[in-house]
Amino acid sequence: MRSVKVYAYVIMPNHFHAMVQGEQLSKKLRLTKSYAARQILEVLKRNGHTRWLQKLKECKRSYKRHRTFQVWEEGLHPKQLSTTVMMAQKIAYIHQNPVKAGWVIAPDDWRYSSAGNYLGWQGLIPVTLFAG
């Protein structure tokens, strides 16, 4: 599989947003969510976070018989961006998430975001800068 270009992202305590481009995105995102869920559950179990594990157990849909926990909301919510104006607007929206939530004063103060990448800083995840 070819790689995915990440143009922007923000990881919040209860959700994340990302602007990505690539082939077979649904498959790649499904695999990423599956991998991340396994890692999250492993850390929670290893560190004895029984309260969080119980919450994730309660979130599991009854028809999901092959699993014990539900880490992610089902499905993806993709939006195709057709213009550079739309892309710039979505990047700004993504970066404003932690500000709107009241976690930080400025977007680049949030460590789990690509906002700093756009200021020339090295972020946690490499991004392809959008220069629209």
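The values are calculated or read from the model by the stated rules, or taken from the named source; none is laboratory data. What you are looking at is a predicted structure, and each value in this text was computed from that prediction instead of being measured. Quick reminder, even Gly has a Cβ in these numbers, built from the backbone with ideal geometry, and neighbours come from all protein chains shown. When the accessible area is computed, the model is the full protein with side chains, heavy atoms only, and any ligands, DNA or RNA have been set aside. Shrake-Rupley method; radii C 1.70, N 1.55, O 1.52, S 1.80 Å.
Things worth noting here:
- Sparsely packed loop sites in region 12-92 (the chymotrypsin sites (Phe, Trp or Tyr not before Pro) outside DSSP H, G, I, E and B with at most 11 other Cβ atoms within 10 Å) comprise Tyr63.
- Trypsin sites (Lys or Arg not before Pro) restricted to DSSP loop in region 90-132 with at most 14 other C-beta within 10 Å: Arg111
- In order through region 111-125: 3J(HN,Hα) via Karplus (6.51 cos²θ - 1.76 cosθ + 1.60), integer Hz, x for Gly, Pro: 4, 9, 8, 8, 4, x, 4, 6, 9, x, 8, 7, x, 5, 10
- Note on the chain: helix-only mean residue ellipticity at 222 nm, from DSSP H runs of 4+ residues weighted -39500 (n - 2.57) and normalised by residue number, equals -12500 deg cm²/dmol.
- With all protein chains in place and ligands, DNA and RNA left out, the 1.4 Å accessible area ranks Thr50, Thr128 as Thr50, Thr128, largest first.
- Derived scalar couplings ³J(HN,Hα) [region 87-95; Karplus, 6.51 cos²θ - 1.76 cosθ + 1.60; whole Hz; x for Gly, Pro]: 4, 4, 5, 5, 4, 4, 4, 4, 5
- Residues His77, His15, ordered by accessible area of protein heavy atoms at a 1.4 angstrom probe radius and largest first, appear as His77, His15.
- Rolling a 1.4 Å probe over the protein heavy atoms leaves Met86 with an accessible area of roughly 60 Å².
- For the chain, the Kirkwood hydrodynamic radius comes to 16.6 Å, computed from all pairs of different C-alpha atoms.
- Members of Lys27/Lys64; Lys60/Lys90; Lys28/Lys64; Lys60/Lys100; Lys33/Lys60; Lys5/Lys55 lying beyond 25 Å, as alpha-carbon distances in this model show: Lys60/Lys90; Lys60/Lys100; Lys5/Lys55
- Using a simple spin-label model with pseudo-atoms 7 Å out from Cα toward Cβ, Thr32 and Lys57 lie 3.1 nm apart.
- Computed magnitude of the charge dipole of region 1-120 (debye, nearest 20; Cβ of K, R +1, Cβ of D, E -1): 720 debye
- Note on exposure: His49, His17 ranked by accessible area (1.4 Å probe, complete protein assembly) read His49, His17, with the most exposed listed first.
- Evaluating 6.51 cos²θ - 1.76 cosθ + 1.60 at θ = phi - 60° for every residue in region 29-46, the Karplus couplings come out as 5, 4, 5, 5, 4, 5, 4, 4, 4, 4, 5, 4, 4, 4, 5, 4, 5, 4 Hz, glycine and proline recorded as x.
- With the simple spin-label model, which puts each label point 7 Å out from Cα in the Cβ direction, the Leu124 to Arg65 separation comes to 3.7 nm.
- For the chain, with +1 on Lys and Arg beta carbons and -1 on Asp and Glu, the positive-most of Tyr35, Asn117, Gln89 along the dipole: Tyr35
- Relative contact order (%) - criterion: Cα under 8 Å, at least six apart; region: the chain: 29 percent
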